[in-house]
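These notes are about the structure you will find just below.
The values are calculated or read from the model by the stated rules, or taken from the named source; none is laboratory data. Quantities reported herein were computed from a predicted structural model and do not represent experimental measurements. Here the Cβ positions follow ideal geometry from the backbone for every residue, glycine too, while neighbour counts run over all protein chains shown. Accessible surface is based on the protein model in full, side chains and every heavy atom, while ligands, DNA and RNA are left aside. Shrake-Rupley method; radii C 1.70, N 1.55, O 1.52, S 1.80 Å.
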Amino acid sequence: MLRSPLSFLRNRIPEIPHLELLATEEEWWRGEGVGISADIDRGGTPWLRMFDRDGKRADEIVYPREYQTILKRGYRAGVVWRALEEKSLSPTYSLMHVISFYDPGVCCPYTVSLGTAVPLAKYGSGELQTRFLAQLLRKDDSVWQGATWMTEIKGGSDLGAAVETIARPAGDGWRLTGEKYFTSNAGAELAVVAARPEGAAAGVRGVALFLVPRNRANGELNYLVRRLKDKIATRSVPTGEVELKESEGYLLGSADRGIYMILEVLNLSRVANSVVSVALAQRAMAEALTYAERRSAFGKRIIEHPLLRRQFEERVNGLKAAFALAWESVRLLNEVWMERPPYSEKYQLFRLVAHLAKYWTAEFAADTAKWAMEVHGGLGVLAEYGAERWLREAMILAIWEGTSHRQILDGMEVMERQRAHKLLFGRLEEHALSKEVEGLEEEVERHLRLPTEEREAQAEGIFRKLAIFTAETLARRMK
Ligand SMILES: Cc1cc2nc3c(=O)[nH]c(=O)nc-3n(C[C@H](O)[C@H](O)[C@H](O)COP(=O)(O)OP(=O)(O)OC[C@H]3O[C@@H](n4cnc5c(N)ncnc54)[C@H](O)[C@@H]3O)c2cc1C
């Protein structure tokens, strides 16, 4: 079960849809994709061809040829189009579990493309949808890619203070000027971009969300890619820096609701991050198992030694718990993703579960990748054994889409302001001892009554405890 992402999915969710599709994807990845992914990780990072042969600015992201094979395959399989056509996110996230077991990085372009298509479908005017949506939902290799660019040089956590990109009304749209410092999927045909309409309020309330195409209406480049980042992992994703210079942009929804839309985009990516984290942990464990069954020490295979065997069994339980938490966030998001503000109670519950899931699954993935490397002993640090890659990949999962600190603090806020933990405990009651639920609820309430400084300083312990308790309780429900 551990060595196959689909077997694990089926074991946890027997009614998982699109079995045949998932099986085809897994088979292809196991046979061909896995080699392409390893090659790209080792040396095939995309590069930026800034000028064409006539010296004209081109800003083309050049990939190894095989990259297109893995990238386009996921789009064709429906990682984006199925969500809107089938009105469900579960095909997207189950495809992501299978794909990211083999290549966690490639799920980033899929996630940001989904994060472009969904707000366009929800908040874009009829005219914008007619102009752009169909391209993002194409089922062949001509599909457009999306991107979600919020972060600027001053930082990603405090968007209200950091977003300095300015938007000015112009004709039937807007002109955006500013610099985006972390732009995954640079080169995408269409991006959603956070910018501040001129004269808007300070802080997050003054940030709006715009659609920015790669090309202007006259065909010229609409944004420039300054450079691509040289990263520790997710090498299959071109993450760059982008300059917006009087770039043509189109407002999504109303300007004073931008922050809600940005958070909705983040919802999609945080849930994706949770699914990918679990799949990565599964992959690291599968490789550790294969190795431990082969390697011998003290007269027997290392997996047969009680200490290692126990660690392994406990980690399998941890994986099931992390999976249950991630998929609870998928289930809840599926119920609320079409909501608009003012949101329902269920949306607030989703927010809390998504923060718990993003936080805990990323921590679990990084810890599991470190453990898997240790199981390989000294060979684990050698590139040819593969274990070091999962550790590199895992380190990114805890940072992008909001660091673990942000998940903890935002999760605390949704408990304090929306009382979301009440709903969570109500949901867990059926599968946990009432004494346990009541005890933890009291602890959370006590924590929320602490003075602000102390509440923040001590937040990680209680948040971690809540995440593990939620994950383990939900895993019992899945048995
Ligand atoms: C590979 C990669 C790709 C990315 N792609 C994109 C992209 O496509 N689009 C995009 O918009 N962004 C992207 N990002 C940026 C990412 O979202 C940010 O890195 C992340 O939000 C954190 O922001 P920062 O790096 O500026 O850290 P900062 O905000 O500067 O924070 C630095 C540290 O301080 C901590 N911190 C901040 N505030 C608090 C607080 N109140 N309490 C405690 N600790 C705090 C943070 O948690 C962090 O540990 C990408 C990042 C990476 C690594």
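State all residues of the stretch 313-358 that are outside any helix (DSSP H, G or I) and over 19 Å from the mean Cα position of the chain (by Cα); if no residue qualifies, say none.
We begin by selecting, within the stretch 313-358, every residue outside any helix (DSSP H, G or I); these are 337-344.
If the condition is that a residue be outside any helix (DSSP H, G or I) and over 19 Å from the mean Cα position of the chain (by Cα), then GLU339, ARG340, PRO341, PRO342, TYR343, SER344 are the ones that fit.
Inside the stretch 1-37, can you point out the residues that are open to solvent by less than 20 Å² (accessible area, probe 1.4 Å) and among the aromatic types (Phe, Trp, Tyr)?
PHE8, TRP29 - these are the residues of the stretch 1-37 that are open to solvent by less than 20 Å² (accessible area, probe 1.4 Å) and among the aromatic types (Phe, Trp, Tyr).
Only one of (1) in a helix (DSSP H, G or I); (2) more than 15 Å from the chain's Cα centre (by Cα); (3) within 16 Å of the ligand (Cβ to nearest atom) fails for GLY74. Which number is that?
Failed condition: (3).
Of all residues in the stretch 7-44 being within 23 Å of the chain's Cα centre (by Cα) and in a loop (DSSP other than H, G, I, E, B), which is farthest from MET96 (Cα to Cα)?
Applying the filter and picking the extreme gives GLY44.
Look through ARG477, ARG389 and report the one residue that is over 23 Å from the mean Cα position of the chain (by Cα) and basic (Lys, Arg).
Details: ARG389 fails: over 23 Å from the mean Cα position of the chain (by Cα).
Residue meeting the stated conditions: ARG477.
Looking at the stretch 450-473 only, could you name the residues that are within 21 Å of the chain's Cα centre (by Cα) and away from the ligand (no atom under 16 Å from the Cβ)? Give the derivation first.
The first filter runs over the stretch 450-473 and keeps only residues within 21 Å of the chain's Cα centre (by Cα), leaving 463-464, 467-468, 470-471.
Scanning the stretch 450-473 gives ALA467, ILE468, THR470, ALA471.
For the stretch 92-128, give me the residue count where each residue is in a helix (DSSP H, G or I) and farther than 29 Å from GLY258 by Cβ.
Initially, the stretch 92-128 is screened for residues in a helix (DSSP H, G or I), giving 92-102, 107-123, 126-128.
Cutting the leftovers down to farther than 29 Å from GLY258 by Cβ gives us 94-95, 97-102.
Looking only at that region, the number is 8.
Which one of these is at positive phi and touching a helix residue (DSSP H, G or I) at 6+ places or on another chain (Cβ under 7 Å): GLY411, GLY380, GLY402? I'd like the intermediate steps shown before the answer.
Details: GLY411 fails: at positive phi; GLY380 fails: at positive phi.
That would be GLY402, the only listed residue that is at positive phi and touching a helix residue (DSSP H, G or I) at 6+ places or on another chain (Cβ under 7 Å).
Restrict the check to the stretch 423-444 and report whether at least one residue is open to solvent by less than 50 Å² (accessible area, probe 1.4 Å) and within 16 Å of the ligand (Cβ to nearest atom). Don't jump to the end; show me each part of the working.
Residues of the stretch 423-444 open to solvent by less than 50 Å² (accessible area, probe 1.4 Å): 424-426, 428, 432, 437, 439-441, 444.
Now drop any that are not within 16 Å of the ligand (Cβ to nearest atom), which leaves none.
No: the stretch 423-444 contains no residue that is open to solvent by less than 50 Å² (accessible area, probe 1.4 Å) and within 16 Å of the ligand (Cβ to nearest atom).
Name the single residue that is surrounded by the fewest Cβ atoms within 10 Å (Cβ to Cβ) among those in the stretch 194-253 being among the acidic types (Asp, Glu) and at pLDDT 95 or above.
Step one: of the stretch 194-253, the residues among the acidic types (Asp, Glu) are 198, 220, 230, 241, 243, 246, 248.
Next, only the ones that are at pLDDT 95 or above stay: 198, 220, 241, 243, 246, 248.
On the way: GLU198: 12, GLU220: 10, GLU241: 19, GLU243: 14, GLU246: 13, GLU248: 23.
Residue satisfying both the conditions and the ranking: GLU220.
Being free of Cβ contacts under 8 Å to residues at least 12 places away in the same chain and in contact with a helix residue (DSSP H, G or I) (Cβ under 9 Å, 6 or more places away or on another chain) is the requirement here; does GLY35 meet it? Step through it out loud before you land on a result.
Values: free of Cβ contacts under 8 Å to residues at least 12 places away in the same chain: yes; in contact with a helix residue (DSSP H, G or I) (Cβ under 9 Å, 6 or more places away or on another chain): yes.
Spelling it out, GLY35 is indeed free of Cβ contacts under 8 Å to residues at least 12 places away in the same chain and in contact with a helix residue (DSSP H, G or I) (Cβ under 9 Å, 6 or more places away or on another chain).
Taking only the stretch 445-479 into account, find how many residues are closer than 19 Å to ALA354 by Cβ and open to solvent by 80 Å² or more (accessible area, probe 1.4 Å).
Residues meeting the conditions: 5.
Can you go through ALA475, ALA398 and tell me which one is of a type outside the set (Phe, Trp, Tyr) and under 18 Å from PHE350 (Cα atoms)? Walk me through how you get there before you give the answer.
On the way: ALA398 fails: under 18 Å from PHE350 (Cα atoms).
ALA475 is the lone residue from the list that is of a type outside the set (Phe, Trp, Tyr) and under 18 Å from PHE350 (Cα atoms).
Looking only at strands (runs of 3 or more DSSP E) that lie completely in the stretch 136-248, which have at least 3 residues being within 16 Å of the ligand (Cβ to nearest atom) and of a type outside the set (Lys, Arg)? Step through it out loud before you land on a result.
Values: elements: 146-149, 166-170, 173-184, 190-197, 208-213, 223-228.
Ranges flagged: 146-149, 173-184, 190-197, 208-213, 223-228.
Pull up the stretch 291-321, narrow it to residues that are in contact with a strand residue (DSSP E or B) (Cβ under 8 Å, 6 or more places away or on another chain) and closer than 21 Å to VAL381 by Cα, then point me to the one that is surrounded by the most Cβ atoms within 10 Å (Cβ to Cβ). Lay out the reasoning, then the answer.
Pass one, the stretch 291-321, residues in contact with a strand residue (DSSP E or B) (Cβ under 8 Å, 6 or more places away or on another chain): 292-295, 302, 305.
Applying the additional criterion that residues be closer than 21 Å to VAL381 by Cα yields 292-295, 302.
Working: ALA292: 21, GLU293: 12, ARG294: 10, ARG295: 14, ILE302: 19.
Looking at residues that are in contact with a strand residue (DSSP E or B) (Cβ under 8 Å, 6 or more places away or on another chain) and closer than 21 Å to VAL381 by Cα, I get ALA292.
Considering every residue within the stretch 100-120, establish whether at least one is under 26 Å from LEU333 (Cβ atoms) and without any contact (Cβ under 8 Å) to a residue 40 or more places away in the chain. Give the steps one after another, and end with the answer.
Here is the first cut: in the stretch 100-120, the residues under 26 Å from LEU333 (Cβ atoms) are 100-120.
With the extra rule that they be without any contact (Cβ under 8 Å) to a residue 40 or more places away in the chain, the set shrinks to 117.
Yes, some residue in the stretch 100-120 is under 26 Å from LEU333 (Cβ atoms) and without any contact (Cβ under 8 Å) to a residue 40 or more places away in the chain.
So that you can scan it fast, the table gives a plain yes or no per residue for (1) touching a residue at least 40 places away in the same chain (Cβ under 8 Å); (2) basic (Lys, Arg); (3) farther than 22 Å from SER88 by Cα:
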residue: VAL330; (1), (2), (3): yes, no, no
residue: ALA354; (1), (2), (3): yes, no, no
residue: ALA369; (1), (2), (3): yes, no, yes
residue: GLY377; (1), (2), (3): yes, no, yes
residue: ARG392; (1), (2), (3): yes, yes, yes
residue: MET395; (1), (2), (3): yes, no, yes
residue: ILE408; (1), (2), (3): yes, no, yes
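Pairs please, first residue from the stretch 155-171 and at positive phi, second anywhere and more than 7 Å from the ligand (Cβ to nearest atom), Cβ atoms under 6 Å, 6+ apart in sequence or on different chains.
Correct list of pairs: GLY155/ALA162.
Being buried (at least 18 other Cβ atoms within 10 Å of the Cβ), over 17 Å from the mean Cα position of the chain (by Cα) and within 16 Å of the ligand (Cβ to nearest atom) narrows it down to one residue among VAL375, VAL414; which is it? So that I can check it myself, show each step before the final result.
Details: VAL375 fails: within 16 Å of the ligand (Cβ to nearest atom).
Sole residue among the options that is buried (at least 18 other Cβ atoms within 10 Å of the Cβ), over 17 Å from the mean Cα position of the chain (by Cα) and within 16 Å of the ligand (Cβ to nearest atom): VAL414.
Give just the number: which of (1) over 27 Å from ALA147 (Cβ atoms); (2) assigned to a helix (DSSP H, G or I); (3) within 16 Å of the ligand (Cβ to nearest atom) does PHE364 not satisfy?
Checking PHE364 against (1) over 27 Å from ALA147 (Cβ atoms); (2) assigned to a helix (DSSP H, G or I); (3) within 16 Å of the ligand (Cβ to nearest atom), the one that fails is (3).
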